[in-house]
1. For Arg485, which of the numbered conditions (1) within 27 Å of Thr550 (Cβ to Cβ); (2) open to solvent by less than 30 Å² (accessible area, probe 1.4 Å); (3) without any contact (Cβ under 8 Å) to a residue 40 or more places away in the chain fails to hold?
2. Can we say Gln213 is surrounded by fewer than 16 Cβ atoms within 10 Å (Cβ to Cβ), at pLDDT 80 or above and among the polar types (S, T, N, Q)?
3. Of the residues that sit in region 592-618 and are among the charged types (D, E, K, R) and within 29 Å of the chain's Cα centre (by Cα), which one is surrounded by the most Cβ atoms within 10 Å (Cβ to Cβ)?
4. Quick one: would you say Lys571 is in contact with a strand residue (DSSP E or B) (Cβ under 9 Å, 6 or more places away or on another chain) and either over 22 Å from Leu669 (Cα atoms) or open to solvent by 30 Å² or more (accessible area, probe 1.4 Å) (or both)?
5. State all residues of region 197-216 that are assigned to a helix (DSSP H, G or I) and either touching a Cys at 6+ places or on another chain (Cβ under 7 Å) or within 13 Å of Gln125 (Cβ to Cβ) (or both); if no residue qualifies, say none.
6. Can you name every residue in region 619-634 that is open to solvent by 30 Å² or more (accessible area, probe 1.4 Å) and outside any loop (DSSP other than H, G, I, E, B)?
7. Any idea which of (1) surrounded by 19 or more Cβ atoms within 10 Å (Cβ to Cβ); (2) more than 23 Å from Ile524 (Cα to Cα) is the one Lys421 doesn't satisfy?
Amino acid sequence: MDRPSSGMKNRDLEGFGLFKLQLADLLNYNASIRLATIWNYPSAFRDSLRSGNADVGLSMVEKMVERGDITSDDISTLTDALRKCELNGVATEVEKIFGENSSQADLIQPETNRQSEDEKEAMRQCAEHDNALSTLLQATEELGRKLEVPTPTGSGMNTLTKHRRERKEVEQELLHLKSSSLESIDTTEAFIHENQPYLSALQHSETRNRIRQLRKSLDRLMELSRKQLEDLTDQLLKLRTESPPQVEAMEPIDLDCVTIEATDSNGKHQSIIDQLKQASDKGSPIPMLILDRTFATIHENGNINLSSGLILPFISTVAVLVVRTEEGRVLSEAEFSGLLKYGSKSTRIQEYSFQHCDLPSLAGTSSREVLKELRERGAKVEWVDTTHCLNTSSGFWEMDNIDEIRKLGALGVAMYRRWRKESHALQIKMLQFASENKIPVKHLRLDLCYRSVTPDGTKLILQSGQTLSALSSVKMINIVTEDGRKIPEVELSQLLMYADQSQNLKELRFQCCELPPTVSASTISSEMKSKNFKVSWRTTGHRLNLHDRTWGIDDINNIRVSCDLGIPIYKQCSSHMHKLQMHLLTVASQNHIPITLISLRESYRAVDATTGSIILESGVMLPRVSTLGRLSIVASGRELTEEDVNGLINYSRQCSKLNLFWCSRPKSLPVSLLQDPLISGKLKVLWYPDGSYQQCYTLDPASGRWVE
């Protein structure tokens, strides 16, 4: 290097002088700007760095020497600042070259010790990320087993319709798993990037391999699910007359862990019930019985009504009963007590586990008998979503052991709008405990339960009325709002103030809402800028630039996540938001990123006859997207004309499906107008009259008519 300056003569190119020159090489533009900002260097100096007229690294080193931020025997101020800026790798390299060029090697021993501590913490966090990925991989394997069951052929209309409905439920479960998996992959990849100096080649390789396995497994399952649904739809389309119902073969079940799943047929439910009754009559132990989204109500005789309409009688040899409901379901006190009473006829059931639901306390006098029976049996009642257990003496919920909190923190916490105020209080208590005990919480998802934020930005206010103070252990907060809700600039500024007070929070994420074009400069602290805090707007695939306070396209991995989740375009949102979404779709198409779905929520106006683009209600044009998989049009009460249907089919030429929801019965089309993709079977056009998936009509390419 041939650039010594006034502060560094050639005769000084040894010891501290050589260290300064090597340091200048290490400090790139990004690192120098961050340091200058965090140390509050004069604005004129920072402007000179940005101008590019000076050697950034060398100028920075000279300024640090001038201000005493580095000396010949102490660089701790610099290394502390680098770590605060999350530049751990640079800090480690600085310590290394300082030790090589300084006779004061003993002075950097504390830094070496700290490096060792940083390495241990990085390894611990890496293990947490690996565990979360492994859990998701196990979930994909479970879904894979459901999808590997062959679809029926030669069956009657009723059987095919039932199987198609079941496969749709699996698809919804798969989409939810994919959303959770992509969030986990996103945060894990960011962690690997930030902590690469501390991870061994083996750790790095194993974590990357898990990510690849998870992506590959999800892609395979999504494709398998799509093909199965298309196959069932084709069979239904060809079958015009109902065949006599066929009797299903009964397969033996594994009594070690019996699961009654919502996606299973009525016939399979009956088979499982019959085999459970046989096992119970023989006294054969059943270690675990799982009701996976199949609990409907409690029958008047104390048995369980399943979602299939069948009744699950009392099984006397069950040891653990797991009730996993639909996400966010609220169980009444009668339902909760009824499930606990289900095991009262035997001392066998020793543990109840509830997941994905909201539960009441049992502190009232009407619950004394239930609690007494639980105490006599020594049964444990666990609420997984809050890491609480039921105190069978008082009927109140108490926090479970710290290991359960660690497990839930590694997976992430979700809070739902429909849940009781008391349930939100339990979750907040658990989150506060995690913060106090430095237990990391991967993410906090506020699912339709965020109401507002206090004017001083110190607390989030939930729909239940509970408040959530700043939490030091949560790494990401995902606010999912009602469709198209507008968050004004003042509110977003207050949310950023809240984020600034949350010590380890790295990202504030928004979904389903509209955010303002910019925010006030006063609400973005220098610390947020220095640690590269993220404000992500998933619905548009953009993130806020904290320096100029404008929205820019997100990195390619996050664009891929947004496209995987699907892009909803709301009527009530502004043209500004629609233009950002068009930018996202254009970038995705240019980079050959598959877009799972574009959903026009009452925002469709017409198809432009000249360009073939879709005109939105805001006037913004939705151009053709070459990587689009599915297009959905929600048009409540609207009558789609022949021109509309033909234009939408033409627009969807590259898609596999065009879905029409809520609208009046679309016009049938003359066969002469049907497009090649429809005739060849590449494109399926489906109409759902009531917006649900219970009743569906398909556009028949042979006749141009809608058939059920």
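1. Of (1) within 27 Å of Thr550 (Cβ to Cβ); (2) open to solvent by less than 30 Å² (accessible area, probe 1.4 Å); (3) without any contact (Cβ under 8 Å) to a residue 40 or more places away in the chain, only one is false for Arg485: (2).
2. Details: surrounded by fewer than 16 Cβ atoms within 10 Å (Cβ to Cβ): yes; at pLDDT 80 or above: yes; among the polar types (S, T, N, Q): yes.
Answer is yes for this residue.
3. Pass one, region 592-618, residues among the charged types (D, E, K, R): 601-602, 605, 608, 617.
Next cut, within 29 Å of the chain's Cα centre (by Cα) only: 601-602.
Details: Arg601: 20, Glu602: 17.
The qualifying residue surrounded by the most Cβ atoms within 10 Å (Cβ to Cβ) is Arg601.
4. Details: in contact with a strand residue (DSSP E or B) (Cβ under 9 Å, 6 or more places away or on another chain): yes; either over 22 Å from Leu669 (Cα atoms) or open to solvent by 30 Å² or more (accessible area, probe 1.4 Å) (or both): yes.
Yes; evaluated as a whole, the condition is true for this residue.
5. Once the filter is applied, which keeps residues that are assigned to a helix (DSSP H, G or I) and either touching a Cys at 6+ places or on another chain (Cβ under 7 Å) or within 13 Å of Gln125 (Cβ to Cβ) (or both), region 197-216 yields Tyr198, Gln203, Thr207.
6. Met621, Arg630
7. (1)
Yes/no per residue for (1) modelled with pLDDT of 80 or more; (2) surrounded by fewer than 19 Cβ atoms within 10 Å (Cβ to Cβ); (3) touching a Leu at 6+ places or on another chain (Cβ under 6 Å):
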residue: Glu173; (1), (2), (3): no, no, no
residue: Thr188; (1), (2), (3): yes, no, no
residue: Ile192; (1), (2), (3): yes, yes, no
residue: Gln196; (1), (2), (3): no, yes, no
residue: Ser200; (1), (2), (3): no, yes, no
residue: Lys238; (1), (2), (3): no, yes, no
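The values are calculated or read from the model by the stated rules, or taken from the named source; none is laboratory data. What you see is a predicted model, and the numbers here were worked out from it, not measured in a lab. Quick reminder, even Gly has a Cβ in these numbers, built from the backbone with ideal geometry, and neighbours come from all protein chains shown. Side chains are part of the model used for accessible areas, which takes the heavy atoms of the whole protein and leaves out ligands, DNA and RNA. Shrake-Rupley method; radii C 1.70, N 1.55, O 1.52, S 1.80 Å.
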